[in-house]
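These notes are about the structure you will find just below.
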Amino acid sequence: SVLANINGNKVLMSASTAKLFSTYTALDVLGSGYRPQTNLYINGEVDSLGVLQGDLYIRGEGDVTLGSKYFNEDGSEYDFMNDWLSTLKAQGINAINGSIIADGSQFGYAGVPDGWDWSDMGNYYGSGACGINFFDNTVKYYFDTYNYGEAAKFLKTFPTDDSLIFHHSIKAANIRNDQSYLYGAPYSRDRFGVGSLPLNRKSFTVKGSMHDPEYMLSLEFTRFLKNDSLFSFVSGKPKGVRLIPSGVLNYKELKMIHSHKGEKIIDIVRLTNLNSVNLFAEGLLNLVGFNNNGKGSTSSGIEAVYKNLEGKVNLSGMKLKDGSGLSRKNAISAENFCSLLKHIHRSKLSELFRSTLAVAGNSGTLKNICKGQSASGRMQAKSGTLSNVKAYAGYVNSKSGSNLAFAIIVNNFEGSRYKLVKKMEEIFNQMANY
């Protein structure tokens, strides 16, 4: 039964609460144990000297966990390359008379979903998901902020693309946190920086989106092999299939030498919901589309979400444009969310899915919500935040033993976000005391 309803059917921008649709569908369609793959192929023979007379292909199938900081200790993100090198040596390959070619073409080259804002897509949280993803599709920019009020000195990036063009007006200021922003479109090597950084930092790090993960993986693995003392050479330049006129080869004619398995879907879903990782949410949506019809695109994934939930969840009026909620063209009502949550509660995945949600006062993006209050430990939910948008959707186990599903979405509010959340906390605590 409905306990309270104010404008429940009004569709609004819902920010990251939209991840509930992509993460549940991924868990339901793909299964908790599914692991996306990245495969290595060769298209030539290995001669008596151990030289591959041909190219090495890296074919991606949408894994977002390759070299991810969420699954690797700091500094060990490239450990998967050691496994790939060991594979080459096991095949008797100690040199490549050809190129390393990365291929993410099965997932298309849209870059980012419809409705993503220019002010988001150059920053790390605005990295789009592709057929090949690695290092969280992130580039680290390093700055020296020695002189107050003057432009920060740009030092380097990691990973490095020598053709990257970076302009910035970022200044050193008497502040404590990063107040800079990076701008740049997918596949464009032009990047711009504005804003301020804390004073007196020798190597302050700002994270931006990677312009072309497909090409950058081929570049980085080529460098990795060249830096190995026992690997003789790679003669050709690194390439991405997107920029090769002849396009993709017939992989049935190539020899697969290694299959790298990514992390399990349940672990990706858990991190997506706990920490609101946009890249993971978009990657999950792409994987659902890839599983549904062999096309790992946003539109294909959205089509699969609707198909999976049709007749089970009230989708009336809903317009889903991405998997993460970063699109400002998403339009979802509180009724849409509560209908989804009710369906999940009655499904066989209820307990498992709820375990991926942040807990008020305890974990994830809800760690500081209702801390020490009635709803602490009783509310499991997904939060959503954009400029002028604040939302929460999830479950509350009330003190009387009732199971409540709820969604609160506010757009274009007046006053501070902090005061708005405090008002929301009053409602969360009332639900807990119901």
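The values are calculated or read from the model by the stated rules, or taken from the named source; none is laboratory data. Computed from a predicted model, the values in this text were never measured in an experiment. Cβ sites come from the backbone with ideal geometry, for glycine too, and all protein chains shown count toward neighbours. These accessible areas exclude ligands, DNA and RNA; they are computed on the full protein's heavy atoms, side chains included. Shrake-Rupley method; radii C 1.70, N 1.55, O 1.52, S 1.80 Å.
Observations on the model:
- Residue count, segment 45-69 (criterion: surrounded by fewer than 17 Cβ atoms within 10 Å (Cβ to Cβ) and either on the phi < 0 side of the Ramachandran plot or outside any loop (DSSP other than H, G, I, E, B) (or both)): 6
- Screening the candidates GLU253, GLU214, GLU263 for the property of being out of contact with any strand residue (DSSP E or B) (no Cβ under 7 Å at 6 or more places or on another chain) and modelled with pLDDT of 95 or more yields one hit, GLU263.
- Residues that are of a type outside the set (Lys, Arg), open to solvent by 80 Å² or more (accessible area, probe 1.4 Å) and without any contact (Cβ under 8 Å) to a residue 24 or more places away in the chain, drawn from segment 242-283: PRO245, SER246
- Qualifying residues in segment 110-125 (those that are modelled with pLDDT of 95 or more and hydroxyl-bearing (Ser, Thr, Tyr)) - the one nearest to SER232 (Cα to Cα): TYR124
- The set of residues in segment 345-390 being surrounded by fewer than 22 Cβ atoms within 10 Å (Cβ to Cβ) and in a helix (DSSP H, G or I) consists of HIS345, ARG346, SER350, GLU351, LEU352, ARG354, GLY364, THR365.
- If you go through segment 126-160 and keep only what is in contact with a strand residue (DSSP E or B) (Cβ under 8 Å, 6 or more places away or on another chain) and either assigned to a helix (DSSP H, G or I) or farther than 26 Å from ILE175 by Cβ (or both), you end up with GLY126, GLY128, CYS130, GLY131, ILE132, ASN133, ASN137, PRO159.
- In segment 9-26, residue surrounded by the most Cβ atoms within 10 Å (Cβ to Cβ) [restricted to those that are assigned to a loop (DSSP other than H, G, I, E, B) and in contact with a strand residue (DSSP E or B) (Cβ under 8 Å, 6 or more places away or on another chain)]: SER14
- Selection from segment 20-35 of residues that are under 15 Å from SER300 (Cα atoms) and small (Gly, Ala, Ser): SER22, ALA26
- Restricting segment 103-150 to residues that are charged (D, E, K, R) and more than 30 Å from LEU254 (Cα to Cα) leaves a set whose member that is surrounded by the fewest Cβ atoms within 10 Å (Cβ to Cβ) is GLU150.
- Here GLU77 passes the criteria (1) farther than 23 Å from LYS237 by Cβ; (2) in contact with a Ser or Thr (Cβ under 8 Å, 6 or more places away or on another chain); (3) not in a loop (DSSP other than H, G, I, E, B) except the one numbered (3).
- In segment 265-308, of all residues being part of a loop (DSSP other than H, G, I, E, B) and under 15 Å from the mean Cα position of the chain (by Cα), the one that is nearest to SER383 (Cα to Cα) corresponds to SER276.
- With respect to the conditions (1) open to solvent by 30 Å² or more (accessible area, probe 1.4 Å); (2) of a type in the set (D, E, K, R); (3) modelled with pLDDT of 95 or more; (4) closer than 25 Å to ASN330 by Cα, LYS399 falls short on a single one, namely (4).
- Meets criteria (at pLDDT 95 or above, farther than 30 Å from GLY289 by Cβ and either surrounded by fewer than 22 Cβ atoms within 10 Å (Cβ to Cβ) or touching a helix residue (DSSP H, G or I) at 6+ places or on another chain (Cβ under 7 Å) (or both)) for PHE158: yes
- Selection of segment 323-343 for residues being part of a helix (DSSP H, G or I) and buried (at least 23 other Cβ atoms within 10 Å of the Cβ) yields ALA334, ASN336, PHE337, LEU340, LEU341.
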